[in-house]
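Each reported figure results from applying straightforward, stated rules to the coordinates on display, with no laboratory input. Remember, it's a predicted structure, so these values are computed and weren't measured experimentally. Cβ placement follows ideal geometry from the backbone for every residue including glycine, while neighbour counts extend to all protein chains displayed.
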Amino acid sequence: MKTVIIDNGHGRDTAGKRSPDGRLLEWKWTRCVARRLCGKLRAAGLEPVLLVPGDADVTLRERCRRANELCSGREAVLLSLHTNASGNGKEWGTASGWSAFVSPNASENSRRLAALLHEEAVSRGLAGNRMTPSSGYYTANLAICRDTLCPAVLTENLFHDNLADVDYLLTDRGQENIAELHVWAVMKYFGES
Ligand SMILES: [Zn+2]
């Protein structure tokens, strides 16, 4: 069965990573959306696996090790879920919207998945106000993408230091839309839609 490894980013003890007003905690939000995503992927006939089922911080090195163990011998992709920030997180910023990242050593398949995710985010009205590279995704030296053996994309799901984005991220509609965009992009990637 086709496997989707979901990395819900940071843990309970990661410093910062929250909205200036403390309503949105990145580790909590990503766990909440990861759970929604698991249910939707299962319903779509794919096999979701949570890389970090608990709340504690798990090092990137260990997360990469787990991912590589999981994807060995299977058709798998990895999605690392995050929320973005444009400043130090103490004040509200103006940058908004959704973005995808791959590592500089990304395979063609990672790039294809990132482009599909971006296309889906844009079609769902989540583009935001930043200039996105023409490829649809950014490149950054991120261990979770760089050191994993399967296609891997890190998604920054709006900004936790943008007030309008935070308001949206805290709604059921916002969380549904973001979970669904990942499902649809992965289905297209695997050629199942
Ligand atoms: Zn993050």
Exercise for the section: Give the residues of the range 147-193 that are under 22 Å from Arg111 (Cβ atoms) and aromatic (Phe, Trp, Tyr), sorted by residue number. Expected result: Trp184, Tyr189, Phe190
Fill in the blank from the handout: Exactly one of Leu149, Leu117, Leu142 is touching a residue at least 12 places away in the same chain (Cβ under 8 Å), surrounded by fewer than 24 Cβ atoms within 10 Å (Cβ to Cβ), among the hydrophobic types (A, V, I, L, M, F, W, C) and closer than 20 Å to Tyr189 by Cα, and that one is Leu149
Fill in the blank from the handout: Quick count over the range 1-12, residues being part of a loop (DSSP other than H, G, I, E, B) and away from the ligand (no atom under 14 Å from the Cβ), is 2
Practice task
Could you please find all residues in the range 17-28 being near the ligand (Cβ under 10 Å from one of its atoms) and in contact with a Lys or Arg (Cβ under 9 Å, 6 or more places away or on another chain)?
Solution key: Glu26, Trp27
Problem - Qualifying residue in the range 34-45 (condition: within 14 Å of the chain's Cα centre (by Cα), at negative phi and either within 16 Å of the ligand (Cβ to nearest atom) or of a type in the set (A, V, I, L, M) (or both)) - result: yes
Problem - All positions within the range 13-40 that are assigned to a loop (DSSP other than H, G, I, E, B), in contact with a helix residue (DSSP H, G or I) (Cβ under 8 Å, 6 or more places away or on another chain), among the charged types (D, E, K, R) and over 22 Å from Leu78 (Cβ atoms) - result: Asp21, Arg23
Completion exercise
Of Leu81, Leu149, the only residue that is in contact with a Gly (Cβ under 8 Å, 6 or more places away or on another chain) and under 20 Å from Leu51 (Cβ atoms) is Leu81
Completion exercise
Of Leu51, Leu46, Leu81, the only residue that is buried (at least 18 other Cβ atoms within 10 Å of the Cβ), under 28 Å from Gly128 (Cα atoms) and of a type outside the set (Asp, Glu) is Leu81
Handout entry: Pairs with Cβ under 7 Å, 6+ apart, first in the range 16-27 and within 16 Å of Asp55 (Cβ to Cβ), second away from the ligand (no atom under 13 Å from the Cβ) and not hydrophobic (A, V, I, L, M, F, W, C)
Key = Trp27/Arg12
Exercise for the section: Take Arg112 and decide whether it is surrounded by fewer than 20 Cβ atoms within 10 Å (Cβ to Cβ), touching a residue at least 40 places away in the same chain (Cβ under 8 Å) and within 14 Å of the chain's Cα centre (by Cα). Expected result: no
Completion exercise
How many residues of the range 46-56 are within 16 Å of the ligand (Cβ to nearest atom) and either touching a His at 6+ places or on another chain (Cβ under 7 Å) or outside any loop (DSSP other than H, G, I, E, B) (or both)? The answer is 0
Exercise for the section: Search the range 59-99 for residues being part of a loop (DSSP other than H, G, I, E, B) and free of Cβ contacts under 8 Å to residues at least 12 places away in the same chain, and hand back the single one that is nearest to the ligand (Cβ to nearest atom). Expected result: Thr59
